[in-house]
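I have placed the structure first, in the form of structure tokens, so that the comments after it can refer back to it.
The values are calculated or read from the model by the stated rules, or taken from the named source; none is laboratory data. Keep in mind that what you see is a predicted model, and the values were worked out from it rather than measured. A quick note on method: Cβ atoms are made from the backbone with ideal geometry, for glycine too, and the neighbour counts reach across all protein chains shown.
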Amino acid sequence: MRTIPMRLEPGTDLYKALHAAVRREGLTAAWVMTCVGSLSRVTVRLDGIRVEEDAFEIVSAAGTLGPDRIHVHLSVADPKGTMIGGHLVTGCVVAAEGTVELVLGADDAWRFGRERHPDTGFDELAISRTTTP
């Protein structure tokens, strides 16, 4: 297993930074181990796209990252503690007064892909080995 620690600077798009890390590190199967920090804009997808601008703190982030796609769920709290969450998409911007600290775990013996699931109709996680145990 590999560990990839990252600190994102103000103005960085969280989603784009994760994509860049997958490419830069050559990740075939990775996951978010921890993620904390401040965002000035949150863009998440549930039934539609929701965009909010305020001072947000990341409460949690979890998901899988592969060379084909990133599937991360993000939860944030506004200054009053109201939670917003959903699928992470482009548009979550690190606040000017803060950073985002995150750690990815990765295992090169696996590959995370996406394929259409016959029952759900969605592109779901497809797991395959890249090496034999």
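Does region 94-105 include one or more residues that are of a type outside the set (Val, Ile, Thr), surrounded by 14 or more Cβ atoms within 10 Å (Cβ to Cβ), at pLDDT 95 or above and in a loop (DSSP other than H, G, I, E, B)? Within region 94-105, one or more residues are of a type outside the set (Val, Ile, Thr), surrounded by 14 or more Cβ atoms within 10 Å (Cβ to Cβ), at pLDDT 95 or above and in a loop (DSSP other than H, G, I, E, B). Pairing each residue of region 1-24 that is over 17 Å from residue 36 (Cβ atoms) with any residue that is part of a loop (DSSP other than H, G, I, E, B) and charged (D, E, K, R), provided the two are 6+ apart or on different chains, yields C-beta distances under 9 Å for 1/107; 1/108; 2/107; 2/108.
Which members of region 69-120 meet the condition of being basic (Lys, Arg) and free of Cβ contacts under 8 Å to residues at least 60 places away in the same chain? Once the filter is applied, which keeps residues that are basic (Lys, Arg) and free of Cβ contacts under 8 Å to residues at least 60 places away in the same chain, region 69-120 yields 69, 80, 114, 116.
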